[in-house]
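The values are calculated or read from the model by the stated rules, or taken from the named source; none is laboratory data. The structure displayed is predicted, hence computed values, not measured ones. Backbone-built Cβ (ideal geometry, glycine too); neighbour counts: all protein chains shown. Quick note on the areas: whole protein, heavy atoms, side chains included, nothing else; ligands and nucleic acids left out. Shrake-Rupley method; radii C 1.70, N 1.55, O 1.52, S 1.80 Å.
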Amino acid sequence: MKLTMRLQEDSYDIIISRGALSRLGKVTNLMNRKVLVVTDDGVPAEYADTVLSQCSDGVRLVLPQGESSKNLKNLETVLSALLSNEFTRRDAVVAVGGGVIGDLAGFAAACYMRGIAFINCPTTTLSQIDSSIGGKTAVDLNGVKNIVGAFYQPEIVVIDPDTLDTLPRRHWMNGMAEAVKAGLIGDERLFELFEKEEELPLEEVLHRALSVKKRFVEQDERESGVRAALNFGHTIGHAIESEQGLGGLYHGECVALGMLPMITDKRLRVRVKKVLERLGLPTKTDFEPSRAMEYLRHDKKAAGNGAVTTVRVDEPGSYRLEKTSFDELETLLREGVWD
């Protein structure tokens, strides 16, 4: 399967195909330029090996696994690797890993020499379904997620579902929260797949979820309007994630929790809870609302007037944007809809 993100001069293909990693050199240039392959120590080494075997001049950089690696120090590590290996503007960075590696490597590519080619090869469910496309690159700072970054589109995104075979079940399902989100805001049929199918058709789920995100990004590349719909579940989800700290709930699990208060129809909320429970995603949480509010006040989506743009869903496949005051958000956090 192939999708094309149509952004005029920044357009790029999104390839979804089993075994695609071993064919990366057939869809993008790996032979006539230097390639820095950035990965982490939680990703099977064979995935980076597969990419490097197709490069004429490849360099491997392995970072520690986890969200804590998405920081300015590791950004400097990637940039230093590019500089010490004398990369030029015609060379490329390839991310082989999950969202942390994609965000960090993409931001480094955006910064180095004011921008070199970035190729994204996501290897987790979460990154394949969501963060691999759209051009958001970033690192965290002082406990605030993704607060330092840039919009920078990849040259190509290559998604190989076979790389998901090595994921633990919790990591696998963590990413499915973003697919449920995509169905709720933009594809009723996708949401119904989660309700009705005993065995999820993985490639169809990937294709449908990415198609939803692609549609929003093409309309609003830099999130000045309708692209804000993709933040469904993220406003409260990021607050929960930040309050929990490292070692707590995963990103997708927090997004799952963050969606529930923003579903206005009680019957739909019950349906969504059943889907989340079936996927092994949480519908209950225990956190400190006052601490979560501190993170919300630093949210990039804050309007600067004591309000945040939130996304509400009344029925599957549609959404509406609404300005929500911090007082209203605190009420949601304190009274919530979590069992």
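Please give the strands (runs of 3 or more DSSP E) falling wholly within the range 124-164 in which 1 or more residues are of a type in the set (D, E) and either touching a strand residue (DSSP E or B) at 6+ places or on another chain (Cβ under 6 Å) or over 16 Å from E221 (Cβ atoms) (or both).
136-141
Restricting to the range 87-121, what's the tally of residues that are charged (D, E, K, R), open to solvent by 20 Å² or more (accessible area, probe 1.4 Å) and closer than 22 Å to Q54 by Cβ?
Qualifying residue count for the region: 2.
Can you work out which of the residues in the range 270-285 that are surrounded by 17 or more Cβ atoms within 10 Å (Cβ to Cβ) and hydrophobic (A, V, I, L, M, F, W, C) is nearest to E241 (Cα to Cα)?
Looking at the filtered set, the residue picked out is L281.
Just to be sure I understand, how many residues within the range 122-140 are open to solvent by 10 Å² or more (accessible area, probe 1.4 Å) and either touching a Leu at 6+ places or on another chain (Cβ under 7 Å) or of a type in the set (D, E, K, R) (or both)?
4
Could you grab me the full set of residues in the range 245-269 that are open to solvent by 80 Å² or more (accessible area, probe 1.4 Å) and closer than 22 Å to S318 by Cβ?
K266, R267
So, in the range 286-320, exactly how many residues are in contact with a strand residue (DSSP E or B) (Cβ under 8 Å, 6 or more places away or on another chain), loosely packed, with under 15 Cβ neighbours inside 10 Å and modelled with pLDDT of 75 or more?
Count: 3.
Among the listed residues D130, D160, identify the single one that is closer than 20 Å to T4 by Cβ and modelled with pLDDT under 95.
D130
Note down all Cβ pairs under 9 Å where the first residue falls in the range 198-222 and is more than 16 Å from V311 (Cβ to Cβ) and in contact (Cβ under 8 Å) with a residue 24 or more places away in the chain, the second is of a type in the set (V, I, T) and open to solvent by 10 Å² or more (accessible area, probe 1.4 Å), and they're at least six residues apart or on different chains.
What qualifies is K214/T4.
List pairs: first residue in the range 51-77 and touching a residue at least 40 places away in the same chain (Cβ under 8 Å), second residue of a type outside the set (D, E, K, R) and in a loop (DSSP other than H, G, I, E, B) anywhere in the structure, Cβ distance under 6 angstrom, at least six positions apart or on different chains.
These pairs meet every condition: S68/L246.
Check every one of the helices (runs of 4 or more DSSP H) wholly within the range 193-268 and list those with 3 or more residues that are among the acidic types (D, E).
Of the helices (runs of 4 or more DSSP H) lying wholly inside the range 193-268, those with at least 3 residues that are among the acidic types (D, E) span 202-219.
Any residue at all in the range 52-62 that is open to solvent by 50 Å² or more (accessible area, probe 1.4 Å), of a type in the set (V, I, T) and farther than 26 Å from G175 by Cβ?
The answer is no; no qualifying residue exists.
Output the residues belonging to the range 169-198 that are of a type in the set (D, E, K, R), open to solvent by less than 50 Å² (accessible area, probe 1.4 Å) and more than 14 Å from H234 (Cβ to Cβ).
Scanning the range 169-198 gives D187, E192.
Can you name the residue in the range 1-27 that is farther than 21 Å from V212 by Cβ and surrounded by 21 or more Cβ atoms within 10 Å (Cβ to Cβ) and is also farthest from the chain's Cα centre (by Cα) among such residues?
L24
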